[in-house]
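Working notes, beginning with the structure itself.
The values are calculated or read from the model by the stated rules, or taken from the named source; none is laboratory data. Given the structure is predicted, the values throughout are model-derived calculations rather than measurements. So basically every Cβ, Gly included, is an ideal-geometry build from the backbone, and we count neighbours across all protein chains shown. Ligands, DNA and RNA are excluded from the accessible area calculation, which covers all protein heavy atoms including side chains. Shrake-Rupley method; radii C 1.70, N 1.55, O 1.52, S 1.80 Å.
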Amino acid sequence: MQSSDLGSREEGKIWHRKPSPATQQGVIVNIIHSATGYHSKTIRFLNVAFDSSGDALLSGDHQGNIYVFDLVGNRFKLVQRTMQACTALAFNLRRKTEFLVALADYSIKCFDTDTKELVSWMRGHESSVSSISVHGSGRYAITSSTDTAQLWDLDTFQRKRKLQVRQSVGIQKVFFLPLSNTILSCFKDNSIFAWEFDTLRCKFQLPSPVEGSSLSYKVFAVTRDGRVLAAGGKSNHLHLWCLESKQLLRIIQMPTKVRAVRHLEFLPDSFDGGSNQVLGVLSQDNIMRVINIRTCKLLFDVGSHEEGISLVAVSPNGRYIAAVMENGSLNIYSVQALTKEVNKPPPPLFKVIEESSKSKFDTNKLTVRVTPGISERPWQSKRGKTQTKIIKPQSDVSHEDKENELPDGLNKKRLRTLLKGFGEYPAKYRMFVWRSLLHLPENHLAFSSLLDKGTHSAFVHLQNEYPIKSRKLLRVLQRTLSALAHWSAIFGEMPYVPLLAFPFVKLFQNNQLICFEVVATVIVNWCQHWFEFFPNPPVNVLGMVENILAHHDKELLQHFMSYNITSQVYAWPLLETMFSEVLTREEWLKMFDNIFSNHPSYFLMVVAAYIISSRAPLLHCNQKEDFEYFFHHRNNLDIGAVLKEAYHLMECTPADIHPRRMLEDFVPLTKGQYPIFNKYPKFIVDYQAQERERIRQDEIEYLRERQLVQEIEAKASERRVEDETWYRKQELLQEAEEQRRKILLKEEEKLAEQRRRLAAVKRELKVKELQLLEAARRRFLKYQQDQREMELKRLDDEIARKASMREQETAATVQDVEVRQMELTAQRRLFEQKLLKEQESVAQEVKGELDTSRTKADHEDLFLQRLIEIEQDGESNAKQVVEECLAKADQEHINTDWRTQVLRKQRSGDLDRDLRYRELARHLRNNRMAESELFGAMKEEEARKWEELLEKQEQLAAEQAVSAALDANRKRFLEREMNDAVELAEKLQDEDSYFERLRDLRASQTRKNSESLKSPSKAQSQPDNICLNDSLAGEASKHFSLDRGRQELESREQELLAEVRQLRRKVMSQARGKQAPNTDAQWSS
C-alpha cells in the first residue's frame, strides 16, 4: 500500500509510483497529514467530497486546511486555511473552481480553488451544519443543521428560504433529489416530506414505517435517477422506498454483526441508467459492506476492524471511493479493483482452462515472471521493457502480412498481440484504435445530409420512452437514431435500435459523426442477418448461438429446454443491448476491444461464452422470471474469463456449426457515400411504414377531432360551471342576506336592551346628580351663613372700634389721620379684591365659551333628546337661577348674555326638522319670557335697595330689545339655538360649572358690599370737619336697612319661585306630548 504524507507541502504529487490497487485490497493510496515539531502528531481528516467529474476530491482536516486532490493528474494542492474545523464540504456544480465549506462557527464560506480567495461568507445557522446539498443546476444549495435548513442562491449568495421545526422534532437531513426540482426533508421523528422547489409546497409525505419496527432513521441515500430512497438507523434493517409510488419496496436485513448504520452511499454505474443497484453500508464496526439491493447479496467489504472507516464518499463516475479512516488518514479505493476480486470465477474453472492450452499457460507464466523480474527499477520502466520484449519479435512479421495493415500506421496483428498480452487497449488511445480498426470513412457531407432531414417521426417522442437525465445525451441519441432511420427505413421500425446504439452514443457523444459511423459499422458487420426475419428476432443468428451451446454445454442447454427457455430469453437480450445491461463501463470497453479486433463471429462466441461462464447460477434457476432477470442485470462474472472462453470457443467449435461459415468478413463503410442497406424484408418494412403513416394521419385526425370535442366540452363545462357558480353565488347571497337580516334583528334587540339599560343608568345618575346638587346647595347655604356671621362679627368689631374712637376725641387729629390711612388701605384692598373677582368672572366666561365650542361637534340626532332633558331639568335649573339671582345682582346680565349667544349660534339646523324645532323654540321663548319677567321683577326689587343697579337694568333692557329683534329671524338661527341649548344643559349639569356660578354669586355680593361702603369713604375724604358720630349713625342705619331688605327679598323670592314652577310644568307637558314620538323614531334609525 502506497502512503503519501502531505507534511508541510502546499502542493505536489500524490503518489510517486503507479499504484496497483488489485494487490492492495483495492487501495490506491493512503494519505496522511503529519505535523513536525517538538511533538509530532497526525492531523486528522474530517470530511471529503468529490466534484461532478469524479476525478478530483476535496478534503478538510480539523485544523481548517482544505486540500484538492486531482486523481487523474496525480497532484494535490492546499487551497485554503480556514483556521477552524470544517463540518461539511461540497463543490459548486456551476463554477467548477468554487467550493462550499461549513465551519465550526456555524457559518458557510465559498472559496475559489484557483485564486484561493474568499468568494462569499454566509451566516444564519445557530448550530453546526451537518450537510450541504447542491442543486443539479448549480445555482442553489441547501445547508442543514439539527434545528433548521436554509436555501441559498449561489449566484447572489443570499438566503432565499428557511425551514424551521420544533426543537422536539429536529432535522436529520435536507437535500435535493437528482433529476428533479424536489427537496426531500427527513426529520428525527421518522417523517419524510417532499417539497416542490419552485413554490416550496409540500408534494407528498412518505407513510410511517412498518408498525412494530424500531428503526429510527439516521442516514439516507438516493439513486441517481431519484426514484429509490434508502434509509437506515440504529438497527440492522434497511428500508427501500419508491419515491414515485410512495410505497415501501423492501426491507433488507444486514448480517447480525451490523447493529447500526452510520452512512449509506449508492455506487453509480455508467450503464444502469441511474437506477443504482449497488449500495454501500457503513456500520457501527467501521466496515462498509457493499450489497446488491436486488439480489440482497453481499458483494465485498471495505475496511476492517484494524483499519476502520469513519466517513465515506463515492465519486459520481463510480471509479473511486474516498474513506476517512479512524486513525485520521484518507484512503482512496479503486471500485474496479474491488469488483474484480469479487467477479473472479472459482479456482477450479481456472485450472480447467489452463490445462486446456499450454501455450496460454506458458504466456501467463512468462508475464508473471517478467513483471516482478526487475525489482530495483520503477514500475513504469518494467512495463516499458515488458512491452518492448513482446512487441519487437512481431515487428518483422507485420510487414509481410499486408492484410493486417490499418490506417494511421497501425497494424492489426500487432494490436491483437498487444490485446492478448494486456487484455485491453490503453484507455488513452482506445478511441483512436477503434477508429483505425473499423476503417471509419468520416463522410461529413453524407452525414450532414442525413442530419438535415431532421428528426425522424419514429423518434420524435424518444424522451417519453427513454427518460435520460442529460439533455445533451438525449439530443445526440435522437439525432443518431434519426440519421440511421433516414439511411435505411428498417432502423425506424426496430424497437431495439435505441438499446443497441445507446452505449456507443454515450461513448462518442462529443463527436456525432464518429458515433453514427461506429453504430453503422457495427450494424453492417456484427449484426449480419439480424433483420431477415423482421419483425421477429433473428432466429437464424439465435440458432447459431444455440448450436454452439449444444456442442459445448449440452447440460446447460437441456436445463434451458426443460424450463422452456429459448434463445430469445438467454441470448437475444445480450445481443440487442450489446451487453450494456450486464457489464460495467470498463468491462464493456474491454469486451469491445476484443470484438472489434476479431472476426464478426466472435461476437456470437462472446454471447455463448457468457452463458457458459454463468452455468453455475443458471443451473440453479427454475423460474422464467429468474432467467429473464439474470440476462437483464449485472452478474458477478470476470470479463477476462469470458473473453478467454470466447477465444476457446472460436478455436474449438467445429466448422459446420461455426458462425464464421454463415457470417461474412469485416467490410468497412464506403468512403464518400454510405452503402445501401437493404438486407431486410422490404415489403414488410414498407407496409409497416405505410401503416405507420396511415395510423399517424388517423391519429392526427383523431387528435384534431378530439381537440375540437374537448374544446366544445370545455366551453360547455365552462358555461355550466359559470351557471353553477352564478346560482351558487345567488344562493350564497340569499343566505348571507338572511343571515345579515337575522344579525340585524339580534343587534336591534341588543340595542333596545342596551337603551333600556342606559335609560335606567341615566335615571340612577340623575337621581345621584340631584342628590349631589342638593348636598352642594346645602353646603353653599351653610357657607353663606358662615360668611354672613363673620361679616356681622366684623361689623360688631367695627362698631366697638368706632365707639372706642369716640371716647378718644381729645386726639381727634391723630386718630383722624390714622382712620383715614386705614380707610385708604381698606379701599386699596377692596379695589384689588374687585379686580380679582372681575378676572375670575372673565375666566369663567372664557371657560363657558370653550365648553360651548366643545359641544358643537355632538351628533345632531341627540339634540331633541337633550332638549327634552333640559326641559325635564328646568324646574331645578330655574330654582338654581333664582337662588343665584338672589345671591348676586348682576346674574340677570349674565343670563341675558347667555340667551343672546344661544340666539346667535343656533343657525345651521336641518330643514327637514325645522317645524319640530320651531315649536320647541316657541316654548323656549315663552319660558325665557317668563324668566325675564321674573328677573325683571327681581331687578326692580333690587333697584329699590341699591341705586347702583340702574345701569345694569338699562343694559338688560337693551339686550331684551336685541332678543326681541332676533326672534323674528328664528329660522335662520335655529341650529345655533339648539347647539347652545345643549351646551347650556351640559353646563348646568356640570358640577364644576355649578360651583363657578356660586363663586360668581359670592363675588357679586362682595362687590355690592364694597360699593355700599364707597359712600362713607367718600364722605371722609371731603374737606371740612365731619363728626365721626354722623358716619357711624349712617352706617348703622344702612345695616338696619339691609336686614329689612333681605327679609323682603326672601318673601318676594318665594312668590317668584312658585310662578316659575307653574310655567316650567306647562312647558314640559307640552314638549313631552309633541316631541316624545320623534325622539324614539330617531334612535331606532
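Pairing residues of segment 504-531 that are over 19 Å from Ala489 (Cβ atoms) with residues that are open to solvent by 20 Å² or more (accessible area, probe 1.4 Å) and in a helix (DSSP H, G or I), at Cβ distances under 7 Å and at least 6 apart in sequence or on separate chains, gives Gln509/Lys472; Gln512/Arg479; Leu513/His444; Ile514/Arg435.
Just checking, how many residues over segment 532-547 are more than 19 Å from Glu581 (Cβ to Cβ), in contact (Cβ under 8 Å) with a residue 60 or more places away in the chain and open to solvent by less than 30 Å² (accessible area, probe 1.4 Å)? Total meeting the criteria: 2.
Residues in segment 276-328 that are under 24 Å from Pro617 (Cα atoms), among the polar types (S, T, N, Q) and in a strand (DSSP E or B): Asn292 only. Looking at Leu264, Leu240, Leu215, can you tell me which residue is within 30 Å of His305 (Cβ to Cβ), modelled with pLDDT of 90 or more and in contact with a Lys or Arg (Cβ under 8 Å, 6 or more places away or on another chain)? Result of the check over Leu264, Leu240, Leu215: Leu240.
Quick check on Glu774: is it within 30 Å of Leu862 (Cβ to Cβ), open to solvent by 80 Å² or more (accessible area, probe 1.4 Å) and assigned to a helix (DSSP H, G or I)? No, not satisfied. Suppose the filter is surrounded by fewer than 22 Cβ atoms within 10 Å (Cβ to Cβ) and small (Gly, Ala, Ser); does Ala485 pass it? No, not satisfied. Pairs linking a residue in segment 770-790 that is more than 20 Å from Ile870 (Cα to Cα) to a residue that is in a helix (DSSP H, G or I), with Cβ atoms under 6 Å and 6 or more positions apart or on different chains, are Phe780/Leu998.
Read through the list (1) at pLDDT 85 or above; (2) open to solvent by 40 Å² or more (accessible area, probe 1.4 Å); (3) hydrophobic (A, V, I, L, M, F, W, C), then give the number of the only condition that Leu200 fails. All conditions are met except number (1). Checking the stated criteria, Leu867 turns out not to satisfy the condition of being touching an Asp or Glu at 6+ places or on another chain (Cβ under 8 Å), open to solvent by less than 60 Å² (accessible area, probe 1.4 Å), on the phi < 0 side of the Ramachandran plot and modelled with pLDDT under 75. When Asn411, Asn404 are checked against the criterion of being more than 30 Å from Glu493 (Cβ to Cβ), touching a strand residue (DSSP E or B) at 6+ places or on another chain (Cβ under 7 Å), at pLDDT below 85 and buried (at least 19 other Cβ atoms within 10 Å of the Cβ), Asn411 stands alone in meeting it.
When segment 222-234 is examined, which residues are found to be among the small types (Gly, Ala, Ser) and open to solvent by 10 Å² or more (accessible area, probe 1.4 Å)? Result: Gly226, single match. Being under 33 Å from the mean Cα position of the chain (by Cα) and in contact (Cβ under 8 Å) with a residue 40 or more places away in the chain is a condition met by at least one residue of segment 254-262. Can you pull out the residues in segment 622-638 that are within 19 Å of Leu549 (Cβ to Cβ) and open to solvent by less than 50 Å² (accessible area, probe 1.4 Å)? Of everything in segment 622-638, those that are within 19 Å of Leu549 (Cβ to Cβ) and open to solvent by less than 50 Å² (accessible area, probe 1.4 Å) turn out to be Phe627, Phe630, Phe631, Asn635, Leu637. Being under 26 Å from Val539 (Cβ atoms), in contact (Cβ under 8 Å) with a residue 12 or more places away in the chain and exposed (fewer than 14 other Cβ atoms within 10 Å of the Cβ) is the filter here, so list the residues in segment 653-675 that pass it. Once the filter is applied, which keeps residues that are under 26 Å from Val539 (Cβ atoms), in contact (Cβ under 8 Å) with a residue 12 or more places away in the chain and exposed (fewer than 14 other Cβ atoms within 10 Å of the Cβ), segment 653-675 yields Pro654, Glu664, Asp665, Val667, Pro675.
I'd like to know if segment 107-122 contains one or more residues that are in a loop (DSSP other than H, G, I, E, B), at pLDDT 90 or above and surrounded by fewer than 21 Cβ atoms within 10 Å (Cβ to Cβ). Yes, because at least one residue in segment 107-122 is in a loop (DSSP other than H, G, I, E, B), at pLDDT 90 or above and surrounded by fewer than 21 Cβ atoms within 10 Å (Cβ to Cβ). The selection criterion, being at pLDDT 75 or above and not aromatic (Phe, Trp, Tyr), holds for Pro675. Taken over segment 586-621, the criterion of being polar (S, T, N, Q), part of a helix (DSSP H, G or I) and either touching a strand residue (DSSP E or B) at 6+ places or on another chain (Cβ under 6 Å) or open to solvent by 10 Å² or more (accessible area, probe 1.4 Å) (or both) is satisfied by Ser613 alone.
Residues of segment 67-93 that are in contact (Cβ under 8 Å) with a residue 60 or more places away in the chain and among the aliphatic types (A, V, I, L, M): Leu71, Leu78. The residues listed here are Leu229, Leu177; of these, the one that is over 22 Å from Glu98 (Cα atoms) and out of contact with any Lys or Arg (no Cβ under 6 Å at 6 or more places or on another chain) is Leu229. Among the residues of segment 569-585, those identified as within 19 Å of Ala641 (Cβ to Cβ), in a helix (DSSP H, G or I) and touching a residue at least 60 places away in the same chain (Cβ under 8 Å) are Tyr570, Arg585.
Yes or no, residue by residue, for (1) at pLDDT 85 or above; (2) closer than 18 Å to Ile332 by Cβ; (3) outside any loop (DSSP other than H, G, I, E, B):
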{"site": "Met1", "(1), (2), (3)": "no, yes, no"}
{"site": "His16", "(1), (2), (3)": "no, yes, no"}
{"site": "Ala22", "(1), (2), (3)": "no, yes, yes"}
{"site": "Asn30", "(1), (2), (3)": "yes, yes, yes"}
{"site": "Ala49", "(1), (2), (3)": "yes, yes, yes"}
{"site": "Val68", "(1), (2), (3)": "yes, yes, yes"}
{"site": "Gln84", "(1), (2), (3)": "yes, no, no"}
{"site": "Ala88", "(1), (2), (3)": "yes, no, yes"}
{"site": "Phe99", "(1), (2), (3)": "yes, no, yes"}
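In segment 753-761, is there at least one residue being more than 18 Å from Leu862 (Cα to Cα) and either open to solvent by 90 Å² or more (accessible area, probe 1.4 Å) or charged (D, E, K, R) (or both)? The answer is yes, given that some residue of segment 753-761 is more than 18 Å from Leu862 (Cα to Cα) and either open to solvent by 90 Å² or more (accessible area, probe 1.4 Å) or charged (D, E, K, R) (or both).
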